[in-house]
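Comments concern the structure below.
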Amino acid sequence: MMRRFGTFGFVAGFSVGFGLIAGTPLQAEDFELTLPVDCTLGKDCFVQNYVDIDPTSAVLTASCDQAGYDGHKGTDLRVLNTSKSTDVVASAPGVVKGVRDEMPDRLVLTEDDRKQVGGKECGNGVVIAHDDGWETQYCHLQLGSVTVKPGQSVERGAKLGRVGYSGFAAFPHVHLSVRKNGQMIDPFLGTEDNARSRLETCQSDGRGTLQYEDALWQSDVNGLLTDGKGKIIETGFADAPVKSVDVERDTVKSPSAGSSALVYFARLINVRKGDRIALRLVGPQGVLAETDGKPIERQKAQWVAFAGRKLKQESWPAGNYVGTAMLIRDGEIIQQETSVLSL
């Protein structure tokens, strides 16, 4: 969750005007990016938001999806919740242009929270200058985790800090912005011209064939786009109805044999309009709860679905409880996950 913003403004800990303090950008024949986080994509980190290539109030990403929000100028790679983190690393070699490491990690959930970070929406972060006018910016780093200084040369993969949720962040993640001569570039498209062309294709036929040869990623581009098509990122059990903020803060309480309720939940990102989340909870004595789910009314960046039953006896029978979650689109199951709880 971030609004449009460019390079950091001048604040404590940053170089005036972002001039280089020492050294020059490292040379490279071609500008290529690796992931800005040290994690396994799809397992312990996920792409939550992509660049919005539509200049209007509508939202369109490189894959013609809506996995982002109006004016978003970067790629957001998230970890599961606020109790998790991982290293933020340089996506390409270069020279550190500026840093900030003074803002607390605090989820932005209210308008007052948003006002608290006004003018410093990027939170703690790093800007790196690269060869030939390229620049990368890493936002929302964990307070006290930044390990580099202005003027320092860094290699690809060098640690810059840790994933956090400082600044304008509703979930723990790193926001990677890419610029060429000051202009925002979608790393999945590589140039401003490609972005304009892709926008026309998305608006005319809704899909088209995305050509990846100009993408800046060294990684498999298809793999990076998968999360934008909708994904179950977590399933589990709780002792009460589940709220999204509780899952985000990792405060969901696991049930015990004496819990007043037994709930199975699924957490998803980038759910599309019309999607359904079907849940089924089976215990030692049969089905406890089951739902096909109502169609989602509009695109949802995050969604938590749950089903369960209240305790009607002294305790829950001993044995295994199996929860199954299915993401259903246009009548087809596009993902299914299963979890087991032993009581």
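The values are calculated or read from the model by the stated rules, or taken from the named source; none is laboratory data. Computed from a predicted model, the values in this text were never measured in an experiment. Positions of Cβ are generated from backbone atoms using ideal geometry, with glycine treated the same way; all protein chains shown enter the neighbour counts.
Is there a residue being in contact (Cβ under 8 Å) with a residue 12 or more places away in the chain and assigned to a strand (DSSP E or B) anywhere in the range 109-121? Among the residues of the range 109-121, not one is in contact (Cβ under 8 Å) with a residue 12 or more places away in the chain and assigned to a strand (DSSP E or B), which makes the answer no.
How many residues are more than 18 Å from Thr324 (Cβ to Cβ) and of a type in the set (A, V, I, L, M, F, W, C) when one looks only at the range 249-291? Count: 4.
Of the residues that make up the range 253-268, is at least one surrounded by fewer than 18 Cβ atoms within 10 Å (Cβ to Cβ) and either among the β-branched types (Val, Ile, Thr) or assigned by TED's automatic domain parsing to the domain that holds Leu60 (or both)? So far as the range 253-268 goes, no, none of its residues is surrounded by fewer than 18 Cβ atoms within 10 Å (Cβ to Cβ) and either among the β-branched types (Val, Ile, Thr) or assigned by TED's automatic domain parsing to the domain that holds Leu60 (or both).
The residue that is surrounded by the most Cβ atoms within 10 Å (Cβ to Cβ), among those in the range 220-234 that are in contact with a strand residue (DSSP E or B) (Cβ under 8 Å, 6 or more places away or on another chain) and either of a type in the set (Gly, Ala, Ser) or over 17 Å from Ala301 (Cα atoms) (or both), is Gly228.
Name every residue in the range 85-107 that is of a type in the set (D, E, K, R) and more than 11 Å from Gly164 (Cβ to Cβ), in order of residue number.
Listed by number, the residues that qualify are Asp87, Lys97, Arg100, Glu102.
Looking only at residues in the range 289-302 that are free of Cβ contacts under 8 Å to residues at least 60 places away in the same chain and either in contact with a helix residue (DSSP H, G or I) (Cβ under 8 Å, 6 or more places away or on another chain) or of a type in the set (Lys, Arg) (or both), which one is surrounded by the most Cβ atoms within 10 Å (Cβ to Cβ)? Per the stated criteria, the residue is Lys300.
Filtering the range 172-182 to residues that are on the phi < 0 side of the Ramachandran plot and surrounded by fewer than 24 Cβ atoms within 10 Å (Cβ to Cβ) leaves Leu176, Arg179, Lys180.
In the range 178-288, counting only helices (runs of 4 or more DSSP H) that sit wholly within it, none holds 2 or more residues that are among the hydroxyl-bearing types (Ser, Thr, Tyr) and touching a residue at least 60 places away in the same chain (Cβ under 8 Å). The one condition from (1) among the charged types (D, E, K, R); (2) surrounded by fewer than 21 Cβ atoms within 10 Å (Cβ to Cβ); (3) under 19 Å from the mean Cα position of the chain (by Cα) that Arg78 does not meet is (2).
Every residue, every condition in (1) closer than 20 Å to Leu189 by Cα; (2) out of contact with any strand residue (DSSP E or B) (no Cβ under 9 Å at 6 or more places or on another chain); (3) at pLDDT 95 or above, yes or no:
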site: Leu33; (1), (2), (3): yes, no, yes
site: Val37; (1), (2), (3): no, no, yes
site: Cys45; (1), (2), (3): no, no, yes
site: Gln48; (1), (2), (3): yes, no, yes
site: Ile53; (1), (2), (3): yes, yes, no
site: Ala58; (1), (2), (3): yes, yes, no
site: Ser63; (1), (2), (3): yes, yes, no
site: Tyr69; (1), (2), (3): yes, no, no
site: Arg78; (1), (2), (3): no, no, yes
